[in-house]
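Report on one structure; see the data block that follows.
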Amino acid sequence: MQKTRKWVLSLMGIVLMVILSGCQTQKLSTNKKNYQPDLMATVIKGHANTSQVKYQVAHGKWQEAPVRDGAFAITIPRANQTAEVAIKSGSLQKQVTVNKATAIMPFAQFLAGYTMASQATQQTPLQLVDNLSQKHQYNGLIAKDNKLTVRGVVSNDQLMGLTLITKTSNMKQKKDLTAFATQLATLATVTGADGKTVLKQFGDKTKSVKNGKTTIDTIKSKGVKFDVAFSDKNIYVFITK
């Protein structure tokens, strides 16, 4: 009899745990329902009480993003088409929209112009990644050397954005500073901006940067935008339209 009672109590405990776990409220929320494109990528932020969320961009394959301390962040590369993003957490699902961005120019046109312009400068041209002309959808390295890096985002054969990166320590040497300025002017000119104007604004604005400030006001030239960000180690120039 005693064993039967213990068995019944144990079974009741298990059933109670199942009921309580089933009654736990599921949560899934996003900070916005509609996102404007942001530089190289748009970050969708939200909250969930699962260990991960799944997301699907424009009816593509499902991907996963971790949930840490109840929060998640999903990165959507800049694109020339509006993207509907479905997000799942347990049995819950939400949908948000990331609006399309303006393309800078056809990627093939950029590659041709960049190659020609780089060869025309007195500086050693950066090494282009192989087979870039075959990249129809791309988010990665375009060219680099031991001091400078150029990354790009391509959507449906259109160049959506570029990032020029160098270490802050490189800006202390005249040779490296000249190479950075040459590369920035080249990218500006190839994307349709006025290279001299961009360099002048870059110099003027960075001179007024105060300690602790990590950005400067957006530089604009002929419809092309240049956003500059500073970290402890690097300088980033984001080029968009």
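The values are calculated or read from the model by the stated rules, or taken from the named source; none is laboratory data. Nothing here was measured: the structure is a model prediction, and the numbers come from that model. Every residue, glycine as well, gets a Cβ built from its backbone with ideal geometry; the counts of neighbours run over all protein chains shown. The accessibility values were calculated without ligands, DNA or RNA, using every heavy atom of the protein model including side chains. Shrake-Rupley method; radii C 1.70, N 1.55, O 1.52, S 1.80 Å.
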Exercise for review: Return the long-range amide H neighbours of LYS225 (sequence gap of 5 or more, or a different chain), with a cut-off of under 5 Å between placed amide H atoms.
Suggested key: THR240, LYS241
Practice item. With a 1.4 Å probe and every protein chain left in place, tell me how much accessible area VAL57 has, in Å² to the nearest 10. Key: 40 Å²
Check your understanding: (i) 19.7; (ii) 19.2; (iii) 20.9: which one is Kirkwood radius over Cα pairs in Å as calculated from this entry?
Key -> (iii)
Check your understanding: Given a 1.4 Å probe and the protein chains all in place, what does the accessible area of LYS222 round to, in Å² to the nearest 10?
Key -> 150 Å²
**Study point:** With all protein chains modelled, accessible area of THR206 [1.4 Å, Å²]
**Key:** 40 Å²
**Study point:** Placed amide H near ALA101: partners under 5 Å, 5+ positions off or other chain
**Key:** ALA79, ASN80, GLN81
Check your understanding: Where the only charges are on Cβ atoms (+1 Lys, Arg; -1 Asp, Glu), what is the dipole of the chain about its Cα centre, to the nearest 20 debye?
Key -> 700 debye
Review point. Karplus couplings for region 146-153 from phi (6.51 cos²θ - 1.76 cosθ + 1.60, θ = phi - 60°), rounded to Hz, Gly and Pro as x?
Key: 7, 10, 10, 9, 10, 10, x, 10
**Study point:** Sparse-neighbour loop sites [trypsin sites (Lys or Arg not before Pro); region 32-84; at most 13 other C-beta within 10 Å; DSSP]
**Key:** LYS32, LYS33, LYS61
Check your understanding: Ordering GLU84, GLU64 from largest to smallest accessible area (1.4 angstrom probe), what's the sequence?
Key -> GLU64, GLU84
Review point. What residues have an amide H closer than 5 Å to that of VAL53, excluding those fewer than 5 places away on the same chain, when H is modeled at 1.01 Å from N in the peptide plane?
Key: ALA65, VAL67
Check your understanding: So what J values fall out for region 87-92 if you push phi through Karplus, 6.51 cos²θ - 1.76 cosθ + 1.60 with θ = phi - 60°, rounded to Hz, Gly and Pro as x?
Key -> 10, 10, 9, x, 8, 8
Study note, to complete from the structure: In whole Hz, the Karplus estimates of ³J(HN,Hα) for region 76-83 (6.51, -1.76, 1.60; θ = phi - 60°; x where Gly or Pro) are 10, x, 4, 9, 9, 9, 5, 10
Practice item. Could you order THR240, THR115 by accessible surface area, starting with the largest, using a probe radius of 1.4 Å? Key: THR115, THR240
Study note, to complete from the structure: Summing -39500 (n - 2.57) over every DSSP H run of at least 4 residues in the chain and dividing by its residue count gives a helix-only mean residue ellipticity at 222 nm, to the nearest 500 deg cm²/dmol, of -9000 deg cm²/dmol
